[in-house]
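The structure under discussion appears below in the form of structure tokens.
Every number here is computed from the coordinates shown, using simple stated rules; none is lab data. It should be emphasised that the depicted structure is a prediction, and the values quoted were computed from it without experimental measurement. Ideal geometry is used to build each Cβ from the backbone, glycine not excepted, and the neighbour counts take in all protein chains shown.
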């Protein structure tokens, strides 16, 4: 058995109709990892709040590696306006959040949706205004802790979404 390097691997490059909206995420490592995870799962676009660290931040650059140039992204200032515009463009808005109405991620059917927006909230406060979400999904956990890092949640969610979309083709 030989461990493969980046030079040995050729991925199917697929862009999915998935957009990520980061709601006031302020940790540079999380922003950088958002780019890296999003690019690896073929996400179309990332929106960052104007209070988030920018791609010029040294830690964001280091963590994101070369993915900053590989995925479309924009800054926004008004969350409700952005979500309203995304809804007008026929996106379904899905919060990755633990709520009393959250659906277990493996039970949620992502396949009927032509365009998907995943909402990520800050580590401390979550998504600030979930009233804009069409649904919320949560990841089952089996330890004592009730939450995980926002980017770990994103990675698990993107795996589930893209897995469902690929199987449905």
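Things worth noting here:
- Fully extended contour minus Cα-Cα distance, from residue 160 to residue 107, at 0.36 nm per residue: 18.1 nm
- When the P(r) of segment 9-98 is calculated, the portion above 18 Å amounts to 44% of the C-alpha pairs.
- Segment 4-61: equivalent-ellipsoid semi-axes (sqrt of 5 x gyration tensor eigenvalues, Cα, Å): 24, 15, 7
- In this label model, residue 78 and residue 40 are separated by 3.7 nm, measuring between points 7 Å along each Cα→Cβ vector.
- Label-to-label distance, nm, for residues given as residue 1 and residue 169 (7 Å Cα→Cβ offset): 2.8
- Simple spin-label estimate for residue 129 and residue 62 gives 3.6 nm between the two label positions (7 Å along the Cα-to-Cβ direction from each Cα).
- Fully extended contour minus Cα-Cα distance, from residue 100 to residue 14, at 0.36 nm per residue: 27.6 nm
- The alpha carbon convex hull volume per residue for segment 39-169 rounds to 130 Å³.
- In the elastic network of the chain, a GNM with C-alpha springs shorter than 10 Å, the most mobile of 20, 83, 96 is 83.
- Extended-chain gain in nm, criterion 0.36 nm per residue less alpha-carbon gap, residue 152 and residue 26: 43.8 nm
- Taking 88, 62 and counting other C-beta atoms within 10 Å, the order from fewest to most: 88, 62
- Placing R0 at 41 angstrom, the Cβ-Cβ distance between residue 54 and residue 144 gives a FRET efficiency of 0.70 after rounding to 0.05.
- Looking at segment 16-168 alone, DSSP beta bridges between its own residues are antiparallel in about 5 percent of cases.
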